[in-house]
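Report on one structure; see the data block that follows.
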Amino acid sequence: MKKSLLLASLCAIALTTTACSDVTKAQLTAWGSAHRITLYAADGTVIKTWDTDGKITSASGSDGYEFKDKATGKLVQCSGTVIVETL
């Protein structure tokens, strides 16, 4: 009985982890990782770049992002053309 329950549990875990898309797996492994956030102007030039080693959240009721700047320890809120990269 215990062997069949263990086998069924292992099969369920294998099915759910292999059924995840590459994007879902990347999102799960990126949680809590270091990130680089780059804000771009309309002409494509870089306005500002920040590094963070914490989580990045989407600002409530906004198209922007919130995160803690690794260099200053301050909360940063930005919106616009933003690219977030996992380091």
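Is it fair to say Val84 is out of contact with any Gly (no Cβ under 8 Å at 6 or more places or on another chain), assigned to a strand (DSSP E or B) and at pLDDT below 90?
yes
Within segment 47-58, restricting attention to residues that are within 18 Å of the chain's Cα centre (by Cα) and β-branched (Val, Ile, Thr), which residue is modelled with the highest pLDDT?
Thr49
Quick one: how many residues across segment 40-63 are assigned to a strand (DSSP E or B) and of a type in the set (Asp, Glu)?
Summing the residues that are assigned to a strand (DSSP E or B) and of a type in the set (Asp, Glu) in segment 40-63 gives 1.
In segment 64-80, how many residues are of a type in the set (A, V, I, L, M, F, W, C), touching a Lys or Arg at 6+ places or on another chain (Cβ under 9 Å) and not in a strand (DSSP E or B)?
Residues in segment 64-80 being of a type in the set (A, V, I, L, M, F, W, C), touching a Lys or Arg at 6+ places or on another chain (Cβ under 9 Å) and not in a strand (DSSP E or B): 0 in total.
Here's the yes/no breakdown for (1) loosely packed, with under 11 Cβ neighbours inside 10 Å; (2) under 11 Å from the mean Cα position of the chain (by Cα):
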{"residue": "His35", "(1), (2)": "no, yes"}
{"residue": "Thr38", "(1), (2)": "no, no"}
{"residue": "Thr45", "(1), (2)": "yes, no"}
{"residue": "Ser60", "(1), (2)": "yes, no"}
{"residue": "Asp63", "(1), (2)": "yes, no"}
{"residue": "Glu66", "(1), (2)": "no, no"}
{"residue": "Leu75", "(1), (2)": "yes, no"}
{"residue": "Thr81", "(1), (2)": "no, no"}
{"residue": "Thr86", "(1), (2)": "no, yes"}
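For segment 66-84, name all the residues that are farther than 17 Å from Tyr40 by Cβ and among the polar types (S, T, N, Q).
Thr72
The values are calculated or read from the model by the stated rules, or taken from the named source; none is laboratory data. Here the structure is a predicted model, which means the values were calculated and not measured. Because the Cβ atoms are built from the backbone with ideal geometry, glycine has one as well, and the counts that use them run over all protein chains shown.
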